[in-house]
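For reference, the structure is listed below as structure tokens.
The values are calculated or read from the model by the stated rules, or taken from the named source; none is laboratory data. Predicted model only: the values in this text are computed from it and were never measured. When we count neighbours, we look across all protein chains shown, and the Cβ atoms used for this are built from the backbone with ideal geometry, even at glycine. With ligands, DNA and RNA removed, areas are computed over all heavy atoms of the protein, side chains included. Shrake-Rupley method; radii C 1.70, N 1.55, O 1.52, S 1.80 Å.
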Amino acid sequence: MIRLFRTIVPVETYDQETPSTVTLRFRYPAAARPGQFVMVWIPGDDEIPMSLSYTGNPKGITVKVMGPTSRAIQHLRPGDRIGIRGPYGNAFDTSPKKILVVGGGSGAAVLAPAAEIAAAQGSRITVALGATVAPELLFEERFQRMGARVAIATDDGSKGSKGYVTEVAAELLRAESFDAVWTCGPEVMMRKVIDAAAGSRAPVVCSLERVMKCALGLCDACAIGPYHVCVDGPVFPAERIAGLRDFGRFKRESSGRLVPA
Amino acid sequence: MADLSVDLAGVRLRNPFLLASGIWGESGDSLGGAWKAGAGGVITKSIGRLPRPGYPNPTIESLERWGFLNAMGLPNPGIEEYPKEIETARATGATVIGSVFGADAAEFVDVAERMERTGVVALELNLSCPHTEGLGSEIGQDPAEVEAITRAVRERVRVPVIVKITPNTADPVGLARAAERGGAAAISAINTVRALAIDVHLRRPTLSHGLGGLSGPAIKPIGLACVWQIREALTIPIVGVGGVMTAEDALEYVMAGACAVEVGTAVAFEGIGVFGRLVESLGRLLDELGFESVRSAQGAAHGSEARAPMPARRRRPPRSR
Ligand SMILES: Cc1cc2nc3c(=O)[nH]c(=O)nc-3n(C[C@H](O)[C@H](O)[C@H](O)COP(=O)(O)O)c2cc1C
Ligand code: FES
């Protein structure tokens with residue numbers, strides 16, 4: 001029997017992206033498309049789903065240090081071994097010619113590689129990037145390097161306009177037309193993006209996050225409405241999720257209990 | 001086309017393929033989805049008295065085509081929260097069987113009573129849970145406990161009680177007999193087979209819990225042997241579980257003596273559409289083999305096996321059919 005399920009790889013590089021976000025790069029041979037995720041095992045601690053922030057080689061994940069496990073990630077150093085399985089789930093369609101990317105917090109982690117590929121294929125990318133404070137803006141330079149136009153919003157006004165990134169996005173949607181809108185971030189934020197785009201002809205695509213255990217469509221941990229985020233997502237056209245009871249309102253805890261998001 | 005409907009301890013099922021406990025069983029939408037995909041009935045996740053987060057990940061390990069190793073740690077939202085999921089599932093018209101577990105008879109009874117009130121057509125007692133956290137022994141390995149818990153639940157509920165037994169025993173027939181004595185209406189056999197995987201690079205088990213349970217194609221022969229042995233000894237209805245991927249697998253269980261089967265791992269291999277495909281291909285298979293119904297194939301393989309000349313002393317209990 002060949003066991004290809006999980007591959008143990010050393011961490012190659014560890015970079016602090018912002019005060020609360022780190023990027024780990026590692027070599028993992030499987031092909032991946034932007035939007036897909038991997039299950040990352042930190043031996044002795046936990047295994048968590050992480051969208052790839054770099055889909056080539058070396059691959060990378062960019063982690064907001066929040067829970068105990070993402071804190072454990074912060075203690076990893078180059079040479080430390082982690083387990084990777086996947087990639088799982090679907091990907092962004094990178095073919096639209098003019099794309100608006102709306103990222104809040106660590107949402108930019110999964111949007112950046114998708115935008116990079118689209119930009120390389122000749123698409124025009126506009127980014128609405130939001131954070132609490134200026135130093136927390138994720139991948140601002142990376143977006144600029146790929147030739148994207150970047151509009152910024154911070155909660156405290158320390159950079160760009162003061163307020164929500166969704167307001168910046170709404171303004172852009174009023175002023176111009178786009179072929180697609182991609183968004184990732186808190187679900188309440190994504191809901192506002194969907195609402196803002198309602199009057200435009202641009203289809204909105206969202207990347208969702210849920211508790212995951214199997215990542216194989218078996219355990220039901222990641223259920224939302226009729227879907228399982230691990231196999232039917234994590235990337236969803238807005239029209240499939242906007243009407244679901246849970247979207248922007250409820251999440252399931254590890255026990256399966258439904259709690260307010 | 002052959003009649004696929006079956007009777008499970010007085011409950012009519014439109015076909016013999018039940019969604020196994022622990023698969024697509026956390027949300028009512030998922031249970032309803034399995035029903036809409038064609039399952040003959042759906043079994044809930046095993047529910048206890050209180051919410052449990054389960055073990056930390058990794059909780060599952062793939063063994064490729066052999067199946068999966070899992071130690072989820074019985075995550076569940078608790079019986080207080082769960083009824084609304086069953087309500088959602090039942091709104092689709094689904095035939096729902098409620099799976100319950102407990103640390104002792106009192107918890108089993110408490111959860112079973114509250115589960116019955118949700119309108120489930122039957123209960124399945126998951127008697128393969130750890131006795132005491134961390135000790136690894138299972139309540140369900142002790143026939144006396146199995147009998148006592150079954151009886152305690154049986155006395156307090158009206159719906160049929162199905163007892164799901166563990167294969168991690170030298171004597172599955174003894175467990176089934178104990179359940180029958182306790183008043184079980186049917187036996188499900190089997191739950192997962194105790195198993196382990198080790199990562200040689202890290203010199204540690206891959207599952208956070210260490211030991212886990214094996215499911216999928218690798219355990220089908222084990223499940224079949226349990227069903228076979230139970231049918232040889234007892235007349236109680238049996239639900240076959242373990243490694244059902246195809247209609248042939250299901251028919252093997254039926255010919256071994258099962259009246260229905262549960263499907264778990266196949267959902268990960270093929271998606272929920274597996275139910276529709278199983279139903280269709282079982283109909284075709286029965287027609288091809290000349291059976292007019294699932295029922296008419298039940299136990300068909302018994303009595304055909306070659307027997308060595310009987311030794312002087314009887315080696316096995318007399319058949320009670
Ligand atoms: C991820 C997973 C979770 C499970 N959870 C439960 C459970 O909560 N209660 C239970 O009685 N059996 C549980 N089982 C066991 C299945 O119901 C079934 O007995 C076993 O998987 C064998 O069937 P299969 O080979 O079709 O998967 C679980 C199995 C898997 C793979
Ligand atoms: S994580 Fe198990 S079904 Fe999605």
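For this structure, a couple of remarks:
- Here the dipole of segment A:7-88 is about 180 debye; that uses its Cα centre as origin and unit charges on the Cβ of Lys and Arg (positive) and Asp and Glu (negative).
- Charge-dipole axis of chain B as Lys and Arg at +1 and Asp and Glu at -1 on Cβ define it, positive-most pick from B:188, B:19, B:37: B:188
- Tail beyond 14 Å, pair distance distribution of segment A:7-88 (Cα, percent): 57 percent
- Entries in A:251/B:164; A:192/A:251; A:162/A:192 that, when Cα-Cα distance is taken, lie over 20 Å: A:251/B:164
- Ranked from largest to smallest solvent-accessible area, with a 1.4 Å probe on the protein heavy atoms, A:39, B:1 come out as B:1, A:39.
- Max mean-square fluctuation residue, GNM over chain A, Cα-Cα springs under 10 Å, options A:24, A:244, A:172: A:244
- Accessible-area rank, largest first, for A:84, A:117: A:117, A:84, with all protein chains present and a 1.4 angstrom probe.
- Projected area averaged over orientations for the protein assembly as shown, convex hull of C-alpha atoms, nm²: 28.4 nm²
- Buried surface between chains A and B: roughly 3200 Å² of accessible area, summed over both sides, computed with a 1.4 Å probe on protein heavy atoms only.
- Of the peptides B:227-236, B:85-94, the order by per-residue mean of other Cβ atoms within 10 Å, starting with the highest, comes out as B:227-236, B:85-94.
- For segment A:98-260, size of Cβ-based charge dipole, Lys and Arg +1, Asp and Glu -1, in debye: 180 debye
- The heavy atoms of residue B:246 present about 60 square angstrom of accessible area, all protein chains included, probe 1.4 Å.
- Per-residue Karplus couplings for segment A:220-231, computed as 6.51 cos²θ - 1.76 cosθ + 1.60 with θ equal to phi - 60°, are listed in order as 6, 4, 9, 5, 9, x, x, 9, 10, 4, 5, 10 Hz, Gly and Pro entered as x.
- Accessible area ranking (1.4 Å probe, heavy atoms, ligands and nucleic acids excluded), largest first, for B:292, B:26, B:280, B:145: B:292, B:280, B:145, B:26.
- When the Gaussian network model of chain B links Cα atoms closer than 10 Å, the mean-square fluctuations of B:200, B:161, B:261 top out at B:200.
- Helix-only mean residue ellipticity at 222 nm for chain B, each DSSP H run of n ≥ 4 adding -39500 (n - 2.57), per residue, nearest 500: -9500 deg cm²/dmol
- Principal axis dimensions, segment B:3-143 - Cα atoms, whole angstrom, descending: 45, 39, 30
- Ellipticity estimate at 222 nm from DSSP helix runs (n ≥ 4, -39,500 (n - 2.57)) divided over chain A, nearest 500: -6000 deg cm²/dmol
- Karplus-derived HN-Hα couplings along segment A:34-50 (A = 6.51, B = -1.76, C = 1.60, θ = phi - 60°), whole Hz, x at Gly and Pro: x, x, 6, 10, 10, 9, 10, 9, 9, x, x, 10, 6, 10, 10, x, 9
- Compactness of segment A:191-261 was expressed as the Cα radius of gyration divided by 2.2 N^0.38 Å, which yields 1.14.
- Approximating the spin labels as points 7 Å out from Cα along Cα→Cβ, the residue B:302-to-residue B:1 distance works out to 2.9 nm.
- Shape annotation for segment B:88-195: C-alpha extents along the principal axes are 41, 28, 23 Å, from largest to smallest.
- In this rough spin-label picture, where each label sits 7 Å from Cα along the Cβ direction, the residue A:244-residue A:174 distance is 3.1 nm.
- 3J(HN,Hα) from dihedral phi, segment A:137-144, Karplus parametrisation 6.51/-1.76/1.60, rounded to Hz, x for glycine, proline: 5, 9, 6, 4, 5, 4, 5, 5
- Taken over the Cα atoms of segment B:1-85, the convex hull encloses 137 Å³ per residue.
- Net charge dipole, the protein assembly as shown: roughly 560 debye, given to the nearest 20, about the Cα centre with Cβ charges of +1 for Lys and Arg and -1 for Asp and Glu.
- Nonlocal amide H pairs with residue A:128, under 5 Å, H built at 1.01 Å: A:101, A:102, A:103, A:151
- Accessible surface for residue A:232 stands near 50 Å², nearest 10, in the context of the full protein assembly shown (1.4 Å probe).
- With the convex hull of the Cα atoms taken as the outline of chain B, the averaged projected area works out to 16.9 nm².
- Surface/4 of the Cα convex hull for segment A:50-124, nm²: 6.0 nm²
- Fraction of the pair-distance distribution of segment B:52-112 above 17 Å, Cα-Cα pairs, percent: 58 percent
- Applying 1/(1 + (r/R0)^6) with R0 = 22 Å to the Cβ-Cβ distance of residue A:27 and residue A:145 gives a FRET efficiency near 0.45.
- Dividing the convex hull volume of the alpha-carbon atoms in segment A:124-171 by its residue count gives 57 Å³ per residue.
- Positive end of the dipole of segment A:168-261 (Cβ unit charges, origin at the Cα centre): among A:189, A:224, A:259, the Cα lying farthest that way belongs to A:259.
- Quotient of Cα Rg and 2.2 N^0.38 Å for chain A, N being how many residues it contains: 0.96
- In this structure, the residue pairs whose Cα-Cα separation is over 28 Å, taken from A:64/B:36; B:45/B:220; A:98/B:36, are A:64/B:36; A:98/B:36.
- Whole-Å distance, taken between Cα centres, linking segment B:231-251 and segment A:105-184: 56 Å
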